[in-house]
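**Student:** Sharing a structure, written as structure tokens. Questions coming.
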Amino acid sequence: MVNYRSSLAALAIAGLVSGCASSGVRNPSGVPVTQMRPDEQGFVAGTGIESQDLVAVTDKMARSILGIPQIANAQGAPYIVLDPVQNDTRFPINKDIFLSRIEAQLNQKAAGKVIFLARDRMAALEHERQLKQSGQVTASADPNVTEFKGADYFLTGKLEGMTTRTGAGTSDYVLYSFELIDARTSAIVWMDSAEIKKQGLEDAAYR
Amino acid sequence: MTGCVTRTTIVPLTGNIMVDGPMMITNGPPRDKVLWEYRTAAAAMRRGEFQLAKQYLDDALLTLGGISTDKSARLARSYFHPESTKAFIGEPYERVMAYYYRGILYWMDGEPDNARACFRSAAIQDADAENHEYSADYVLLDYLDGLATTKLAGDGSDAFKRAEKEARQAKPPPYDAGANVLFFLEFGLGPFKYATGQYREELRFSIRPSPVHSAEVEVDGQNIPAGPYDDLYFQATTRGGRVMDHILANKAVFKTSTDVAGNVGIIGGAVAAVQRDRTSQEVGLGLIAAGVLSKIVSAATMPAADTRTWDNLPRYLSFAAIQLPPGQHAATIEFRDAAGNILPHLTKTVAFNVPSDGKDKVVFVSDRSSTPQTL
């Protein structure tokens, strides 16, 4: 019994001594990333641009475009060309993906109200036209008549960011703004934006 | 204690990074995957295998770009695992270089805005230095941020002013928005890590001697000097202490304390155990047992710092830009020592085609690049 007690005492002393080693590191486990939106919170892998942001932003933009008079009350479906978005954030992204999803959403939800022109396929289209003009392939209409449509509007956007990184963590704010530009007048007939802020703190082992 | 032993896979290395890298990425310890991706990507860039470099860097940046709170990091903080248990993402200067290389590759692909994004992310990696004077102080990252902005019809003047202010060695030239051929140059041998302290718990950086101190690009009869804008050794050694350094120091104190407590227990117990009194003998044996236990705990404590190093980085980063007409050109890149003498065995030649679509031609050259190269 005495032996047991003395062992416990020795262990307690060792524990006390070793306890002196800890001087305390703040948030040693890190703080999981939190999406700083007023209506929702979620756990994500980074503070950058992620798929849930893409979905939320493009859904909002597609709904917003459909409501403007130039689209809703247009005499005939206007032709729209996508112009690549500008990335002014610190996150390298696939810039086409935002406009591709807006295009898909508009085509899905408002088929016929707008028509997108495949300008990114012009090289292939022109090659096909040349083949028709030279008689190498058949044509259902006169290939010498220009039927490539001109754009009524350009849909484009810009991603801008602001970053803070300190010992307390990393904070990233991204402003997504999109606009519809009248190709004839250069007037911006529609503009909308969405903003997302995220913060996180990585594990102390990486700080 | 034997239950804590982790089995490790030993993969034999050949010394050829283009063989070892892919092998270690596939078969090596997962915690070293990013390290080998970094090394292989740098080697691939010097061989002109830019698609391969892109593939490795993209995968590495998936890990680096997140907020790391994984289990391996928790283990690395624990008393009984070394720091090198954590998945490697590198010290800030290594993380910076991963983004920097990826930025060069984006620019090469005609995406200066994504290149700029990488340079900005690189700068952020260096933003939380303990000594604020040295936070985000890479000259080239700000200079290239501003150059990309200028080329994208924006205002890069603020970034240029930051770059000028941060320049400690060569001063970057004013932007030439018409310059359509961009030379990204690097030379010298990068920093390596070692550990000091009783238990090798203190992370330190050192440098291997390298004769190269500057470079010069000769193309179409024009000579463009390219001084060292950034020094990775300077960057590695001016950040101040890490949070992890405090954790390792605590581990070292714990290791010492439990060792001392063990010695006290064993010696005190031995003294008591030789007494004739039966009670003293029992107490003595108990103390010896506790002492041995404490010694075992001490022996199992691992305060060693992580010295895994991205070991094929350069020391100096440089850059030059020039305006050239579309078509074929050949450039000669000469590297010079501290006295300005050419080191002829390091001279590189690169043949490249300047596109007629207005996009920039990006040429990456290291003093360790293979030569000649055709881009």
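The values are calculated or read from the model by the stated rules, or taken from the named source; none is laboratory data. If you're wondering where the values come from, they're calculated on a predicted model, not measured in any experiment. Here the Cβ positions follow ideal geometry from the backbone for every residue, glycine too, while neighbour counts run over all protein chains shown.
**Student:** Looking at segment B:152-161, can you tell me whether even one residue there is within 13 Å of another protein chain (Cβ to nearest Cβ), buried (at least 22 other Cβ atoms within 10 Å of the Cβ) and either charged (D, E, K, R) or touching a residue at least 60 places away in the same chain (Cβ under 8 Å) (or both)?
**Tutor:** No, segment B:152-161 contains no residue that is within 13 Å of another protein chain (Cβ to nearest Cβ), buried (at least 22 other Cβ atoms within 10 Å of the Cβ) and either charged (D, E, K, R) or touching a residue at least 60 places away in the same chain (Cβ under 8 Å) (or both).
**Student:** Right, here's the next one. Which one of these is more than 19 Å from B:Asp220 (Cβ to Cβ) and not acidic (Asp, Glu): B:Val274, B:Val365, B:Val350, B:Val354? Before you say what the answer is, go through the steps one by one.
**Tutor:** Working: B:Val365 fails: more than 19 Å from B:Asp220 (Cβ to Cβ); B:Val350 fails: more than 19 Å from B:Asp220 (Cβ to Cβ); B:Val354 fails: more than 19 Å from B:Asp220 (Cβ to Cβ).
Matching residue, one of B:Val274, B:Val365, B:Val350, B:Val354: B:Val274.
**Student:** Another question, then. Is it fair to say A:Thr58 is in contact with a Ser or Thr (Cβ under 8 Å, 6 or more places away or on another chain) and within 24 Å of B:Leu62 (Cβ to Cβ)? Walk me through it before giving the result.
**Tutor:** Values: in contact with a Ser or Thr (Cβ under 8 Å, 6 or more places away or on another chain): no; within 24 Å of B:Leu62 (Cβ to Cβ): yes.
No: the conditions fail for A:Thr58.
**Student:** Let me ask something else. Being within 8 Å of another protein chain (Cβ to nearest Cβ) and within 46 Å of the chain's Cα centre (by Cα) is the filter; apply it to segment B:265-298 and report the residue that is nearest to B:Phe80 (Cα to Cα).
**Tutor:** By that ranking, first place goes to B:Val297.
**Student:** I need the full set of residues from segment A:52-83 which are within 23 Å of A:Gly150 (Cβ to Cβ) and either in a loop (DSSP other than H, G, I, E, B) or small (Gly, Ala, Ser) (or both), in order please. Let's see the steps before the verdict.
**Tutor:** Taking segment A:52-83 as the starting set, the residues that turn out to be within 23 Å of A:Gly150 (Cβ to Cβ) are A:65-66, A:68-83.
The answer is A:Ile68, A:Ala72, A:Asn73, A:Ala74, A:Gln75, A:Gly76, A:Ala77, A:Pro78, A:Asp83.
**Student:** So, one more: Among A:Phe91, A:Phe98, A:Phe116, which is the only one that is over 29 Å from B:Ile124 (Cβ atoms), of a type in the set (Phe, Trp, Tyr), touching a residue at least 12 places away in the same chain (Cβ under 8 Å) and touching a helix residue (DSSP H, G or I) at 6+ places or on another chain (Cβ under 9 Å)? Step through it out loud before you land on a result.
**Tutor:** On the way: A:Phe91 fails: over 29 Å from B:Ile124 (Cβ atoms); A:Phe98 fails: over 29 Å from B:Ile124 (Cβ atoms).
Of A:Phe91, A:Phe98, A:Phe116, the one residue that is over 29 Å from B:Ile124 (Cβ atoms), of a type in the set (Phe, Trp, Tyr), touching a residue at least 12 places away in the same chain (Cβ under 8 Å) and touching a helix residue (DSSP H, G or I) at 6+ places or on another chain (Cβ under 9 Å) is A:Phe116.
**Student:** How many residues does segment B:319-370 hold that are touching a helix residue (DSSP H, G or I) at 6+ places or on another chain (Cβ under 8 Å) and hydrophobic (A, V, I, L, M, F, W, C)?
**Tutor:** Of the residues in segment B:319-370, 5 are touching a helix residue (DSSP H, G or I) at 6+ places or on another chain (Cβ under 8 Å) and hydrophobic (A, V, I, L, M, F, W, C).
**Student:** Same structure, new question: Could you please find all residues in segment B:349-375 being more than 28 Å from B:Leu152 (Cα to Cα) and in contact with a Phe, Trp or Tyr (Cβ under 8 Å, 6 or more places away or on another chain)?
**Tutor:** Filtering segment B:349-375 for residues more than 28 Å from B:Leu152 (Cα to Cα) gives B:349, B:367-373.
Answer for segment B:349-375, where residues must be more than 28 Å from B:Leu152 (Cα to Cα) and in contact with a Phe, Trp or Tyr (Cβ under 8 Å, 6 or more places away or on another chain): just B:Asp367.
**Student:** Related question: What's the number of the condition B:Pro112 fails, among (1) free of Cβ contacts under 8 Å to residues at least 40 places away in the same chain; (2) out of contact with any Phe, Trp or Tyr (no Cβ under 7 Å at 6 or more places or on another chain); (3) within 11 Å of chain A (Cβ to nearest Cβ)?
**Tutor:** (1)
**Student:** Any residue at all in segment B:78-86 that's modelled with pLDDT of 95 or more, surrounded by fewer than 21 Cβ atoms within 10 Å (Cβ to Cβ), more than 18 Å from B:Arg242 (Cβ to Cβ) and among the hydrophobic types (A, V, I, L, M, F, W, C)?
**Tutor:** The first filter runs over segment B:78-86 and keeps only residues modelled with pLDDT of 95 or more, leaving none.
Within segment B:78-86, not a single residue is modelled with pLDDT of 95 or more, surrounded by fewer than 21 Cβ atoms within 10 Å (Cβ to Cβ), more than 18 Å from B:Arg242 (Cβ to Cβ) and among the hydrophobic types (A, V, I, L, M, F, W, C).
**Student:** Got a number for residues in segment B:271-309 being touching a His at 6+ places or on another chain (Cβ under 8 Å) and not in a loop (DSSP other than H, G, I, E, B)?
**Tutor:** Narrowing segment B:271-309 to residues touching a His at 6+ places or on another chain (Cβ under 8 Å): B:302.
The next check asks that each one be not in a loop (DSSP other than H, G, I, E, B); those that pass are none.
Residues that pass the stated criteria total 0.
**Student:** Here's a follow-up. Scan segment B:228-244 and give yes if some residue there is of a type in the set (A, V, I, L, M) and under 26 Å from B:Ala338 (Cα atoms), otherwise no. Quick ask: steps written out before the conclusion?
**Tutor:** Initial filter on segment B:228-244 (of a type in the set (A, V, I, L, M)): B:232, B:236, B:243-244.
Right, trim to under 26 Å from B:Ala338 (Cα atoms) and you get B:232, B:236.
Yes - at least one qualifying residue is present in segment B:228-244.
**Student:** Assess whether B:Ser356 counts as being more than 14 Å from chain A (Cβ to nearest Cβ) and free of Cβ contacts under 8 Å to residues at least 60 places away in the same chain. Spell out the reasoning first.
**Tutor:** On the way: more than 14 Å from chain A (Cβ to nearest Cβ): yes; free of Cβ contacts under 8 Å to residues at least 60 places away in the same chain: yes.
So B:Ser356 fits the description; yes.
**Student:** Turning to a different aspect of this structure: Filter segment B:232-271 down to the residues that are in contact with a Lys or Arg (Cβ under 6 Å, 6 or more places away or on another chain) and surrounded by 23 or more Cβ atoms within 10 Å (Cβ to Cβ), then identify the one that is nearest to B:Gly286 (Cα to Cα).
**Tutor:** B:Gly262
**Student:** Taking the condition of being in contact (Cβ under 8 Å) with a residue 60 or more places away in the chain and either out of contact with any strand residue (DSSP E or B) (no Cβ under 7 Å at 6 or more places or on another chain) or outside any strand (DSSP E or B) (or both), how many residues in segment B:310-337 meet it?
**Tutor:** 9
**Student:** When you check B:Thr69 against the structure, is it facing chain A (nearest Cβ under 10 Å), farther than 25 Å from B:Ile124 by Cβ and not aromatic (Phe, Trp, Tyr), yes or no? Spell out the reasoning first.
**Tutor:** Values: facing chain A (nearest Cβ under 10 Å): yes; farther than 25 Å from B:Ile124 by Cβ: no; not aromatic (Phe, Trp, Tyr): yes.
When the stated conditions are applied, B:Thr69 does not pass them.
**Student:** Separate question: Just need a number here: residues in segment A:157-172 that are of a type in the set (A, V, I, L, M), in a strand (DSSP E or B) and facing chain B (nearest Cβ under 10 Å).
**Tutor:** Step one: list which residues in segment A:157-172 are of a type in the set (A, V, I, L, M), which gives A:159, A:162, A:168.
Adding the requirement that they be in a strand (DSSP E or B) leaves A:159, A:162.
If we keep only those that are facing chain B (nearest Cβ under 10 Å) too, we end up with A:159.
Number of matching residues: 1.
**Student:** Looking for something out of contact with any Cys (no Cβ under 8 Å at 6 or more places or on another chain), of a type in the set (Gly, Ala, Ser) and buried (at least 18 other Cβ atoms within 10 Å of the Cβ) - is there at least one such residue anywhere in segment B:330-353? So that I can check it myself, show each step before the final result.
**Tutor:** We begin by selecting, within segment B:330-353, every residue out of contact with any Cys (no Cβ under 8 Å at 6 or more places or on another chain); these are B:330-353.
Okay, now just the ones that are also of a type in the set (Gly, Ala, Ser), so B:330-331, B:338-340, B:351.
The next check asks that each one be buried (at least 18 other Cβ atoms within 10 Å of the Cβ); those that pass are B:331.
Yes: one or more hits.
**Student:** Go through segment B:174-190 and report how many residues are more than 25 Å from B:Thr238 (Cβ to Cβ) and not hydrophobic (A, V, I, L, M, F, W, C).
**Tutor:** Residues in segment B:174-190 being more than 25 Å from B:Thr238 (Cβ to Cβ) and not hydrophobic (A, V, I, L, M, F, W, C): 5 in total.
**Student:** I'd like the residue in segment B:234-259 that is more than 30 Å from B:Gln169 (Cα to Cα) and of a type in the set (Ser, Thr, Tyr) and, out of all such residues, is farthest from the other protein chains (Cβ to nearest Cβ).
**Tutor:** By that ranking, first place goes to B:Thr256.
**Student:** Right, something else. Would you pick out the residues in segment A:69-116 that are of a type in the set (D, E, K, R), surrounded by fewer than 17 Cβ atoms within 10 Å (Cβ to Cβ) and modelled with pLDDT of 90 or more?
**Tutor:** Narrowing segment A:69-116 to residues of a type in the set (D, E, K, R): A:83, A:88, A:90, A:95-96, A:101, A:103, A:109, A:113.
So of that shortlist, the ones also surrounded by fewer than 17 Cβ atoms within 10 Å (Cβ to Cβ) come out as A:83, A:96, A:109, A:113.
Scanning segment A:69-116 gives a single hit, A:Asp83.
**Student:** Sort through A:Ala194, A:Ala168 and tell me the only one that's closer than 30 Å to B:Glu83 by Cβ, touching a strand residue (DSSP E or B) at 6+ places or on another chain (Cβ under 9 Å) and surrounded by fewer than 19 Cβ atoms within 10 Å (Cβ to Cβ). Full working, then the answer.
**Tutor:** Working: A:Ala194 fails: closer than 30 Å to B:Glu83 by Cβ.
After applying the criteria, what remains is A:Ala168.
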